[in-house]
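Everything on this sheet refers to the single structure shown next.
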Amino acid sequence: QKEVEQDPGPLSVPEGAIVSLNCTYSNSAFQYFMWYRQYSRKGPELLMYTYSSGNKEDGRFTAQVDKSSKYISLFIRDSQPSDSATYLCAMIVFIGRALTFGSGTRLQVQP
Amino acid sequence: DVKVTQSSRYLVKRTGEKVFLECVQDMDHENMFWYRQDPGLGLRLIYFSYDVKMKEKGDIPEGYSVSREKKERFSLILESASTNQTSMYLCASRPRTGASRPLHFGNGTRLTVT
């Protein structure tokens, strides 16, 4: 069993839709949770970062962590064609060590 | 703005060749990482380095070695390339401290071993 599970998609939605991307994990020691966005032929870039359980909002993006269920989510409101990318969840036990990534979900937002 | 530069975007090598992938960062970061990215498997850590001449194995180090002689440069070496090492290789860096500091990635090297 992988430490971090993520549905690969692709997920296709119309412009303006609310998108929900999710990851589950098995290691209860993970403390820091991140979402990276990767455009085609580019390296991943950090989108959202949260520590422990709770919600964090940044513009159209909301990251949610439920440590009791070992489940994290990224919500995108009013999705745009420019949001079309692969979204990778990542997590870490403590800072300074290496991240563990999910396999990524490919999102396509249709105009 | 942090820049992580990988020397080649595309490489084609033959089975058995020794292959060097180079990565340079310009922000004086202590930590540097090499990942490979494969469809359905996501990013898997090969090696990382937390200081000059220091290295630690990641999840899939077999068939690879690394070199960190200078702080800004982290090299990945395939001692004898094999077809199952055909992949996208991503280098990343981050500072040692600062809980919210992001991992900065290069744009990747797509390696094909024939």
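The values are calculated or read from the model by the stated rules, or taken from the named source; none is laboratory data. If you're wondering where the values come from, they're calculated on a predicted model, not measured in any experiment. Glycine also receives a Cβ, built like all others from the backbone with ideal geometry; neighbour counts cover every protein chain displayed. In case anyone asks, the SASA skips ligands and DNA or RNA and just uses the protein heavy atoms, side chains included. Shrake-Rupley method; radii C 1.70, N 1.55, O 1.52, S 1.80 Å.
At what distance in nm do the modelled label points of residue B:22 and residue B:5 sit from each other, each positioned 7 Å from its Cα along Cα→Cβ?
It is 0.9 nm.
Calculate the FRET efficiency for residue B:30 and residue A:71 from the Cβ-Cβ distance with a Förster distance of 35 Å, rounded to the nearest 0.05.
0.60
Just how far, in whole angstrom, is region A:24-50 from region A:1-16 if you go by their alpha carbon centroids?
When both Cα centres are located, 13 Å separates them.
With springs connecting C-alpha atoms under 10 Å apart, model chain B as a Gaussian network and identify which of B:45, B:11, B:78 has the largest mean-square fluctuation.
The residue that fluctuates most here is B:11.
Of A:59, B:23, A:104, which is farthest on the positive side of the dipole of the protein assembly as shown, counting Cα position, with +1 on Lys and Arg Cβ, -1 on Asp and Glu Cβ, and the Cα centre as origin?
B:23
Nearest 20 debye, what's the magnitude of the dipole of chain A about its Cα centre given +1 on Lys and Arg Cβ and -1 on Asp and Glu Cβ?
Dipole about the Cα centre, nearest 20: 260 debye.
For the protein assembly as shown, what % of the accessible area comes from carbon and sulfur atoms, probe 1.4 Å?
The C+S portion of the solvent-accessible surface of the protein assembly as shown is 48 percent.
Using the beta-carbon distance between residue A:78 and residue A:42 and R0 = 25 Å, what value does 1/(1 + (r/R0)^6) give for FRET efficiency, to the nearest 0.05?
In this case the efficiency is close to 0.60.
Any idea which of B:77, B:105, B:67 is furthest toward the positive side of the dipole for region B:51-114, if Lys and Arg beta-carbons carry +1 and Asp and Glu beta-carbons -1?
Comparing the listed Cα positions along the dipole, B:105 ranks first.
Can you list residues whose amide H is under 5 Å from residue B:8's amide H, if they're 5+ apart or on another chain and H is modeled 1.01 Å from N?
B:22
Using only atoms on other chains, find how many Cβ atoms lie within 10 Å of each Cβ of peptide A:41-51 and report the average.
5
If I take R0 = 30 Å and measure r between the Cβ atoms of residue B:77 and residue A:3 in this structure, what FRET efficiency does the formula 1/(1 + (r/R0)^6) give, to the nearest 0.05?
0.65
Measuring with a 1.4 Å probe in the full set of protein chains, what accessible area per residue, in whole Å², belongs to the protein assembly as shown?
48 Å²
Rounded to the nearest 100 Å², what is the buried accessible area between B and A, both sides summed, probe 1.4 Å?
1700 Å²
Distance from a point 7 Å along Cα→Cβ of residue B:84 to each backbone N in region B:51-73: keep the residues under 20 Å and list them by number.
B:57-66
What percent does the relative contact order of chain B come to when contacts are Cα pairs within less than 8 Å and at least six residues apart?
It comes to 36 percent, rounded to a whole number.
Within 10 Å of each Cβ in B:39-48, how many Cβ atoms from other chains are there, averaged over the peptide?
Rounded to a whole number, the mean comes out at 5.
Treat every Asp and Glu Cβ in the protein assembly as shown as -1 and every Lys and Arg Cβ as +1, leave all other atoms uncharged, and give the resulting dipole magnitude about the Cα centre to the nearest 20 debye.
440 debye
Within the set of other residues whose C-beta is less than 13 Å from the C-beta of residue A:22, count the net charge using Lys and Arg as +1 and Asp and Glu as -1.
Cβ neighbours under 13 Å give a net charge of -2.
Shielding by partners for A:101-111, please: the mean number of other protein chain Cβ atoms within 10 Å of each residue's Cβ.
Partner Cβ neighbours, averaged per residue: 2.
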